[in-house]
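Trainee: Starting off with a structure, shown below.
We did not get these values from a lab; they are worked out from the coordinates using the rules stated. These numbers come from a predicted model, not from an experiment. In this analysis, Cβ positions are derived from the backbone assuming ideal geometry, glycine residues included, and neighbour counts consider all displayed protein chains.
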Amino acid sequence: MPIAKPEWNAEVFITLKPSVLDPQGNTIQTALHSMGYTDLTGARLGKYFTLHFSGKLSRTEVERQVKQMCDKLLVNPVIERYRYQVAASKER
């Protein structure tokens, strides 16, 4: 019986570049300050994606595809930066 290849999960974290103003982050910070969290010194909003891939692909191919997805659709490179991590999915 052939050994099953792992399915893959990718987590993508997208944040605004530090030089980009973040009015939503400022609103969150102001609200948290009003709730008593006065030691908070900043808040930035971001996006998080989970992507699932079949076991037909190698880890290298999954990473290549995730990078392409980010570069072509998920990320606006003018104002955002990203990082991702790929791991074999746990058995269900």
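Trainee: Test residue 32 against the criterion of being without any contact (Cβ under 8 Å) to a residue 24 or more places away in the chain, assigned to a loop (DSSP other than H, G, I, E, B) and surrounded by 11 or more Cβ atoms within 10 Å (Cβ to Cβ), and give yes or no.
Mentor: no
Trainee: Checking the structure you have, find out if any residue of the stretch 17-28 is in a helix (DSSP H, G or I) and either acidic (Asp, Glu) or in contact with a Ser or Thr (Cβ under 6 Å, 6 or more places away or on another chain) (or both).
Mentor: No, the conditions are met nowhere in the stretch 17-28.
Trainee: May I ask you to verify whether residue 48 is in contact (Cβ under 8 Å) with a residue 24 or more places away in the chain and loosely packed, with under 13 Cβ neighbours inside 10 Å?
Mentor: yes
Trainee: Contact list please: Cβ distance under 9 Å, first residue in the stretch 64-91 and under 15 Å from residue 47 (Cβ atoms), second residue of a type in the set (S, T, N, Q) and exposed (fewer than 13 other Cβ atoms within 10 Å of the Cβ), pairs at least six apart or on different chains.
Mentor: If the second residue must be of a type in the set (S, T, N, Q) and exposed (fewer than 13 other Cβ atoms within 10 Å of the Cβ), the pairs left are 79/19.
Trainee: How many of the residues making up the stretch 47-92 are in a helix (DSSP H, G or I), within 12 Å of residue 7 (Cβ to Cβ) and among the basic types (Lys, Arg)?
Mentor: Counting residues in the stretch 47-92 that are in a helix (DSSP H, G or I), within 12 Å of residue 7 (Cβ to Cβ) and among the basic types (Lys, Arg) gives 1.
Trainee: Inspect the stretch 4-25 for any residue being without any contact (Cβ under 8 Å) to a residue 24 or more places away in the chain and surrounded by 14 or more Cβ atoms within 10 Å (Cβ to Cβ) and give the result as yes or no.
Mentor: yes
Trainee: So residue 11 ticks every box in (1) in contact with a helix residue (DSSP H, G or I) (Cβ under 9 Å, 6 or more places away or on another chain); (2) closer than 26 Å to residue 68 by Cβ but one. Which box is left unticked?
Mentor: Failing condition for residue 11: (1).
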